[in-house]
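Structure first, then comments.
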Amino acid sequence: MHELTDVTGETLRRWREGKGWDVPRMARELRRAARDSGEDVAAHHGLVKMIPQWERGGRVPRERYRLLYVKVFAAT
């Protein structure tokens, strides 16, 4: 798995598309990982807006979201 500092928007998109997941599915997976670890994250519709922004590089996900991505993809 990549170091968190190496994870780019392109990497996030490749991880998601590599699973064949659309953006809503990615949002559900992030929320499930957060729930499983007792964290509170944005609502589903908020994540659906943020994920494409992260993948395009328009915004950088905060550390907790980067950690959730790692949890999701380390587990699958």
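Take the conditions (1) of a type in the set (Gly, Ala, Ser); (2) exposed (fewer than 15 other Cβ atoms within 10 Å of the Cβ); (3) without any contact (Cβ under 8 Å) to a residue 12 or more places away in the chain; residue 37 misses just one of them, which is (3).
Scanning segment 59-76 for residues that are open to solvent by less than 70 Å² (accessible area, probe 1.4 Å) and not in a helix (DSSP H, G or I) turns up just one, 61.
Only one of the numbered conditions (1) open to solvent by 80 Å² or more (accessible area, probe 1.4 Å); (2) of a type outside the set (Val, Ile, Thr); (3) free of Cβ contacts under 8 Å to residues at least 40 places away in the same chain is violated by residue 50, and that is (1). Specify which of the listed residues (25, 16, 66) is at pLDDT below 95 and of a type in the set (Lys, Arg). So the residue among 25, 16, 66 that is at pLDDT below 95 and of a type in the set (Lys, Arg) is 66. Only one of the numbered conditions (1) in contact (Cβ under 8 Å) with a residue 12 or more places away in the chain; (2) under 12 Å from the mean Cα position of the chain (by Cα); (3) open to solvent by 70 Å² or more (accessible area, probe 1.4 Å) is violated by residue 56, and that is (2). Selection of segment 15-49 for residues being closer than 20 Å to residue 63 by Cβ, of a type in the set (D, E, K, R) and not in a loop (DSSP other than H, G, I, E, B) yields 16, 29, 31, 32, 35, 36, 49.
The values are calculated or read from the model by the stated rules, or taken from the named source; none is laboratory data. Remember, predicted model here, so these are calculated numbers, not experimental data. Methodologically, a virtual Cβ is constructed for each residue, glycine included, from the backbone with ideal geometry; neighbour enumeration extends over all protein chains shown. Side chains included, ligands, DNA and RNA excluded: accessible areas come from the protein's heavy atoms. Shrake-Rupley method; radii C 1.70, N 1.55, O 1.52, S 1.80 Å.
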